[in-house]
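Values in this text are rule-based calculations from the coordinates and carry no lab data. Model, not experiment: these values are computed from the prediction. Cβ atoms come from the backbone with ideal geometry, glycine included; neighbour counts cover every protein chain shown.
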Amino acid sequence: MWEQKRILIVDDDQDFAESLGCFLEANGFTVSRARDGSEGVRLAKTDPPDLILMDIIMNERTEGFFTIREIRRDPSLGNVPIFVLSSFCTRLPDFEIPSSGGWLSHDMFFAKPVDLKHLLEKIRQRMGEQSEVHDVA
C-alpha cells in the first residue's frame, strides 16, 4: 500500500465538496475541505496538501483565480499541483491547457459535473500511483 496522500478541496458548494471528499477518502486519500479561498490558503499553509482541487466561482466571481495566485506565490506551496474544477470556465478558450504562469497557474482542468473516475485516474497519474477505483455507496 502506498503512503496516504493529502488532497485539499476548495469549493463553496458543501454538498459537492462532501461527496467528492467521501469518494476520495474511499479511494485512500486524506481529504480536507475549505469553503472559500481564504480558508483554502490557510489550510494549505498550515498542512500543505499533495494536491489541491479548486473551484473558481465561490463567494466572489473570481475568488478561485486570486486564491490560486496567492497559493502560487507561497514558496512552500508553489509546486503543489492544482486541478481546477469548474462549470464556468468551460466557455473560456484554451482553458483546458495547463498553465504555469499568467492569469491562472493550474495543472489540469475538469468541467463540472466531474467524471469522478477520470478525475481519480488523473490524480493518481499525477501522484504516480496505481490502484483500483472504489465507488462510494
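Structural remarks
- Sparse-neighbourhood loop sites, GluC sites (Glu not before Pro) in region 1-63 - DSSP loop, at most 10 other Cβ within 10 angstrom: 3
- At most 14 other Cβ within 10 Å, DSSP loop - chymotrypsin sites (Phe, Trp or Tyr not before Pro), region 1-82: 2
- One equal scatterer on each Cα of region 1-52, no solvent, Debye formula: the resulting log10 I(q)/I(0) at q = 0.21, 0.23, 0.25 Å⁻¹ is -0.69, -0.81, -0.92.
- Isotropically averaged projected area of region 46-91, using the convex hull of Cα atoms (one quarter of hull area), nm²: 3.5 nm²
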